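One structure is given here, and the rest of the page talks about it.
The values are calculated or read from the model by the stated rules, or taken from the named source; none is laboratory data. Given the structure is predicted, the values throughout are model-derived calculations rather than measurements. When we count neighbours, we look across all protein chains shown, and the Cβ atoms used for this are built from the backbone with ideal geometry, even at glycine. Calculation scope for accessible area: heavy atoms of the full protein, side chains included, ligands and nucleic acids excluded. Shrake-Rupley method; radii C 1.70, N 1.55, O 1.52, S 1.80 Å.
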Amino acid sequence: FERRGLRLVLKRDDLVHPELIGNKWRKLVPNIAAARGRPLVTFGGAYSNHLRATAAAGRLLGLDTTGVVRGQELADRPLNPSLARCAADGMRLHFVDRSAYRRKTEPETLAAILRAAGAQGAYVVPEGGSNAEAVRGCRALGEELRGHAEVVAVACGTGGTLAGLAAGLGRGQRALGVPVLKGGFLEAEVRALQERAFGGRTGDWSLDDRFHFGGYARTTPELDAFAEDFEQRHGLPVERLYVAKLLYGLVTLAEEGACPRGTTLAAVVTGRPFSGTA
């Protein structure tokens, strides 16, 4: 970055709360308020950070939580460390087949899933925690970064953090999203989230979908080597599913000359490595 005349700063959202990390805290707080004490039900894959955060919130606040997990075949297998942490925090896990999971936003399918999970009266938090409440909660992230950088970058799963971040930034700032899933679907999702939260597209934002490294929960030896080098240089543990891809993307963009000299970039650190024991 110095060679290119750029400055990189890290927004340490991973330090917001010891268990409800960064953007998960920002998304869950307004949804928990909206639930008004009702049980929570939400959705995620086998390695979902959002499921772990929701389970931790349930334990900390004394709320019943149910996690609907993608992949019926996982029901008969030992729980991986991520799902085991959810269960240890009191979350009931309900596994559904992948076809039904893809249709989970359809009213009839959702109702059937909730009945099967015994969660008919629960407050539904969508996959990744991204809904209008969450997007408005993430707007504060952008407000906190006003005046600190011209470009603010964040890794994206479901797009809610980017949608809120962009809305909170000030004049002359732009937000960059780095999707960690492949498919090129996220621009429409972010637009829809901003429409529901604010009535229309808000803020200056864009996406660069070149850095997913094969998709969610996937890495490569190249990405691992990059993350290990960053950790050794700066003494900062680098979470692989989101943060490593974000930082790798920013280094690539710097090398490509994507930003003029004198630009300050802020990378939002939304999480830290999960060991399975914390």
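Looking at the range 253-272 only, could you name the residues that are assigned to a loop (DSSP other than H, G, I, E, B) and crowded, with 16+ Cβ neighbours inside 10 Å?
Let us first name the residues in the range 253-272 that are assigned to a loop (DSSP other than H, G, I, E, B), namely 256-263, 269-272.
Across the range 253-272, the qualifying residues are ALA258, CYS259, THR263, VAL269, THR270, GLY271, ARG272.
Checking the structure you have, find out if any residue of the range 176-188 is assigned to a helix (DSSP H, G or I), in contact with a strand residue (DSSP E or B) (Cβ under 9 Å, 6 or more places away or on another chain) and not polar (S, T, N, Q).
Step one: filter the range 176-188 for residues assigned to a helix (DSSP H, G or I), giving 186-188.
When the remaining residues are screened for being in contact with a strand residue (DSSP E or B) (Cβ under 9 Å, 6 or more places away or on another chain), the result is 186-187.
Still in the list and also not polar (S, T, N, Q): 186-187.
Scanning the range 176-188, I find at least one residue that is assigned to a helix (DSSP H, G or I), in contact with a strand residue (DSSP E or B) (Cβ under 9 Å, 6 or more places away or on another chain) and not polar (S, T, N, Q), so the answer is yes.
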Take the range 60-91 and flag every residue that is among the charged types (D, E, K, R), assigned to a loop (DSSP other than H, G, I, E, B), open to solvent by 70 Å² or more (accessible area, probe 1.4 Å) and without any contact (Cβ under 8 Å) to a residue 40 or more places away in the chain. ARG77
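Would you check if there is a residue in the range 215-222 being over 17 Å from ARG12 (Cβ atoms), of a type in the set (Lys, Arg) and within 17 Å of the chain's Cα centre (by Cα)?
So the first thing to find is which residues in the range 215-222 are over 17 Å from ARG12 (Cβ atoms), and the list is 215-222.
Checking the rest, the ones that are also of a type in the set (Lys, Arg) come to 218.
Adding the requirement that they be within 17 Å of the chain's Cα centre (by Cα) leaves 218.
Yes, there is a match, as at least one residue in the range 215-222 is over 17 Å from ARG12 (Cβ atoms), of a type in the set (Lys, Arg) and within 17 Å of the chain's Cα centre (by Cα).
In a helix (DSSP H, G or I), assigned by the TED database to the domain that holds VAL151, out of contact with any strand residue (DSSP E or B) (no Cβ under 9 Å at 6 or more places or on another chain) and not hydrophobic (A, V, I, L, M, F, W, C): does that describe ARG196? So that I can check it myself, show each step before the final result.
Values: in a helix (DSSP H, G or I): yes; assigned by the TED database to the domain that holds VAL151: yes; out of contact with any strand residue (DSSP E or B) (no Cβ under 9 Å at 6 or more places or on another chain): yes; not hydrophobic (A, V, I, L, M, F, W, C): yes.
So ARG196 fits the description; yes.
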May I ask you to list the residues in the range 44-59 that are open to solvent by 10 Å² or more (accessible area, probe 1.4 Å) and either farther than 18 Å from ASN23 by Cβ or modelled with pLDDT of 95 or more (or both)? ALA46, ARG59
How many of the residues making up the range 80-96 are over 21 Å from the mean Cα position of the chain (by Cα) and modelled with pLDDT under 95? 0
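What residue, of LEU250, LEU236, is in the same structural domain as GLY170 (by the TED database), more than 17 Å from the chain's Cα centre (by Cα) and surrounded by 19 or more Cβ atoms within 10 Å (Cβ to Cβ)? Walk me through it before giving the result.
Values: LEU236 fails: surrounded by 19 or more Cβ atoms within 10 Å (Cβ to Cβ).
Exactly one of LEU250, LEU236 is in the same structural domain as GLY170 (by the TED database), more than 17 Å from the chain's Cα centre (by Cα) and surrounded by 19 or more Cβ atoms within 10 Å (Cβ to Cβ), namely LEU250.
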Regarding ALA167, is this residue among the small types (Gly, Ala, Ser) and within 19 Å of the chain's Cα centre (by Cα)? yes
Residue selected from the range 18-43 under the condition open to solvent by less than 50 Å² (accessible area, probe 1.4 Å) and not in a helix (DSSP H, G or I), by the criterion farthest from HIS94 (Cα to Cα): ILE21
Might you check whether a residue that is in contact (Cβ under 8 Å) with a residue 60 or more places away in the chain and open to solvent by 40 Å² or more (accessible area, probe 1.4 Å) occurs anywhere in the range 95-107? no
Taking ALA155 as the residue in question, decide whether it is farther than 29 Å from ASP209 by Cα, among the small types (Gly, Ala, Ser), in contact (Cβ under 8 Å) with a residue 12 or more places away in the chain and open to solvent by less than 70 Å² (accessible area, probe 1.4 Å). no
